[in-house]
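Read the structure below first, then the notes.
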Amino acid sequence: MNCREAQDFIPLLWDAPPTDPKRIELERHIAGCSYCAAEWAIWQESNELMQDLRMEISAERAEAVNQKVMERIYLESPWLMPGDGKSAGSTTMFRRRLSLWIACFLAVFLSSFLYFTLFKTPANTSSAQSGIIESGVAGLTLEWTSSYPATESGGGIIEPLVVNIGPTHPQYWMVLSMLGVALSIFLLTRLNRYRRQ
Amino acid sequence: MTDSQLIQLIKQGNTELYSELMRRYQRKILAFVYHMLKNSHMELIAEDLCSETFYKAFRSLHSFREVDASFSTWLYTIARNTVLSELRKNRAGNVSLEESGYTPVAPAEVAPEQAALRKERMNLVREAINNLPEKQRSALILREYDQMDYQEIAVILDQSVSSVKSLLFRARSSVKLQLESYFYEPEVEEQAERV
């Protein structure tokens, strides 16, 4: 091995195992060549200096990181907390049930909303619009025509209006499901506040 | 208990065991993050980034498959990505390791002038490492400080083994180049010219 080859091999064989035949050959050359020995010394020195720059981390500092991570995990997912840290409101079962309830309420709300907006056209339009049930009309003729909401002045006496007490839109399910969603949101907000505490 | 067994138990819901898993790597990862960073307020950021790394690892633990990489390699990959993303954010405030307040301890029983010279050389090496391109720096840190083999470094850097060898070659050459002027004496240079 001549000097030029040795110069090329030094960076390549720097961390080769001592048993590597090329490295053995290189070391043999270095032993007899002061120039290559100086080059090798630079490599050794730079490596030693790099090792001196190695950062030693104290156990306390590392443990602080550990605690920080575990606290963050438990803060953001309290249901993962072992033992007494768990509360009834944060168990997996409770969360599953709550999700199920919310899903049910939303399903009822959506289906009723779609039904009433897309498919349902009230048969009795006047009743639906005014909430007033037509009553009998004493008039001159026996022919009966619907009068609401049109303001026809056909003559005769009109009986007092009778207001239908029941809901004009029988959308109980929609109201109920909205109530359910509101309740679920309220529960989730309370749960989140509890977690932050 | 091996890492795989611990991970299995954690996946089954024994979250508290994650603390034990972290304990095995926290010092190494923290040191790696320190070496990778060269920004101001380094200590604070390093610890934050280290905890961010472990937190991300916990969140993605369900997707970790040991057939692809060892847990240690996977963790280093997350740490590197976390540091890189932070460095990208704070590219403006570059401060060297020395300015961060970190002062390496000089070896005991060294003459003052020798200690001063060594400190000067250490600064050169530190500066040389800081100035290396990111991949070279990562490869060098993983090899020199974490004693990783080429294959592991290749997985972390998402490079081939031959690329890793090349990265290390270039990184070491750059560091050595910084020191060269402090080493060569006139007679050695003359001899080199003769060669």
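For each pair in B:K56/B:K165; B:K135/B:K165; A:K22/B:K176, compute the distance between the two Cα atoms and list the pairs where it is over 19 Å.
Over 19 Å apart, Cα to Cα: B:K56/B:K165; A:K22/B:K176.
Within 10 Å of each Cβ in peptide B:165-175, how many partner chain Cβ atoms are there on average? Round it to a whole number, please.
3
With r as the distance between the Cβ atoms of A:E48 and A:N192 and R0 = 41 Å, compute the FRET efficiency 1/(1 + (r/R0)^6) and round to 0.05.
0.15
Across peptide A:68-77, how many C-beta atoms of other chains are within 10 Å of each residue C-beta, on average?
Shielding by partners across A:68-77 averages 5.
Would you rank B:Y145, A:Y115 by solvent-accessible area, highest first, keeping every protein chain in place and using a 1.4 Å probe?
Most to least solvent-accessible, the answer reads A:Y115, B:Y145.
Over all residues in B:136-145, what is the mean tally of Cβ atoms on other chains that come within 10 Å of each residue's Cβ?
Taking the mean over all residues of the peptide, I get 2.
Calculate I(q)/I(0) for segment B:1-92 by the Debye formula, one identical point scatterer on each C-alpha and no solvent, and give its log10 at q = 0.21, 0.23, 0.24 Å⁻¹ to two decimals.
-0.99, -1.13, -1.20
Could you list the square roots of 5 times each eigenvalue of the Cα gyration tensor of segment B:112-185, that is, the equivalent ellipsoid semi-axes, sorted largest first and rounded to whole Å?
Computed over segment B:112-185, the values are 27, 12, 9 Å.
Please list B:81-88, B:70-77 highest first by mean number of surrounding beta-carbon atoms within 10 Å per residue.
Averaged packing, sorted descending, gives the order B:70-77, B:81-88.
How far is it, in nm, from the label point at B:S4 to the one at A:E60 when both lie 7 Å from their Cα along the line to the Cβ?
The modelled label-to-label distance comes out at 3.9 nm.
Run the quick spin-label model on B:K56 and B:L84: label points 7 Å from Cα toward the beta carbon, then report their separation in nm to one decimal.
Label-label distance for B:K56 and B:L84, simple model: 1.0 nm.
How far apart, in nanometres, would the label points at A:L179 and B:D48 be if each is projected 7 angstrom from Cα along the Cα-to-Cβ direction?
So the two model labels end up 4.9 nm from each other.
Mind checking how much accessible area A and B bury in total, 1.4 Å probe, in Å² rounded to 100?
4400
The values are calculated or read from the model by the stated rules, or taken from the named source; none is laboratory data. Not measured: the values here are computed from a predicted model. Please note: Cβ atoms are built from the backbone with ideal geometry, for glycine as well, and neighbour counts cover all protein chains shown. Surface accessibility is based on the protein's heavy atoms, side chains included, excluding ligands, DNA and RNA. Shrake-Rupley method; radii C 1.70, N 1.55, O 1.52, S 1.80 Å.
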